[in-house]
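Shown next, in structure tokens, is the structure this report addresses.
The values are calculated or read from the model by the stated rules, or taken from the named source; none is laboratory data. No experiment lies behind these values; they were computed from the predicted model shown. All Cβ positions, even for glycine, are placed from backbone atoms using ideal geometry, and neighbour counts span all protein chains on display.
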Amino acid sequence: MVGSLLTAYPLKFIKMKALEKLTDMDKAKLLHDLFPNEIKPLLDYISRYCEDLKFNPDKHSKGWSNRAIMTFEYWQGLGEQVEETITLHYMGLLKFSGTFSAELFYGIKGAFVIQCLLRWARTECKNKKFKLAIALLYLEN
């Protein structure tokens, strides 16, 4: 009986990395896989933030420290890159977790998007489980 069940319904084993071994891209892919319905509101928020960064720079540069790890202009440039990525790959970002993670969370663009993700979770995200997942994956102790 058990043997016939196993052949009829083969088990798929998924090997997951330990949480501390996940890269930002791994975390983003996992978030997308677990919460696909949250990606559209997140992308829309990031797009609005990027536009606001471009058209209202004074509002965002006020509290920018001269000792920051990057200049405000560099941050603004990252916003333009992210906005362009979202515009060019919007449907792929919505549908495919691999596209979402590779296009938005690779390299320094990932730092920008993670800050947007954390800000969105704090201010606009309504899904409590998604907020908890973001906290688990991206917040330090």
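General observations
- Residues being of a type outside the set (S, T, N, Q), assigned to a helix (DSSP H, G or I) and surrounded by 16 or more Cβ atoms within 10 Å (Cβ to Cβ) - total across segment 95-117: 11
- Breaking point among (1) in contact (Cβ under 8 Å) with a residue 12 or more places away in the chain; (2) more than 23 Å from residue 36 (Cβ to Cβ), for residue 65: (1)
- Matching option when the condition is modelled with pLDDT of 95 or more and among the hydroxyl-bearing types (Ser, Thr, Tyr), among 61, 101, 65: 101
- Considering residues of segment 15-72 that are small (Gly, Ala, Ser) and touching a helix residue (DSSP H, G or I) at 6+ places or on another chain (Cβ under 7 Å) only, the residue nearest to residue 93 (Cα to Cα): 28
- Among residues of segment 110-127, those that are more than 18 Å from residue 22 (Cβ to Cβ) and touching a helix residue (DSSP H, G or I) at 6+ places or on another chain (Cβ under 8 Å), counted: 7
- Single residue of segment 17-58 satisfying the filter (surrounded by 14 or more Cβ atoms within 10 Å (Cβ to Cβ) and of a type in the set (Asp, Glu)) that is farthest from residue 134 (Cα to Cα): 44
- The set of residues in segment 114-141 being without any contact (Cβ under 8 Å) to a residue 60 or more places away in the chain and farther than 15 Å from residue 104 by Cβ consists of 121, 122, 123, 126, 128, 131, 132, 135, 139, 140, 141.
- Residue in segment 73-82 that is more than 16 Å from residue 115 (Cα to Cα), part of a helix (DSSP H, G or I), in contact with a Lys or Arg (Cβ under 8 Å, 6 or more places away or on another chain) and at pLDDT 95 or above present: no
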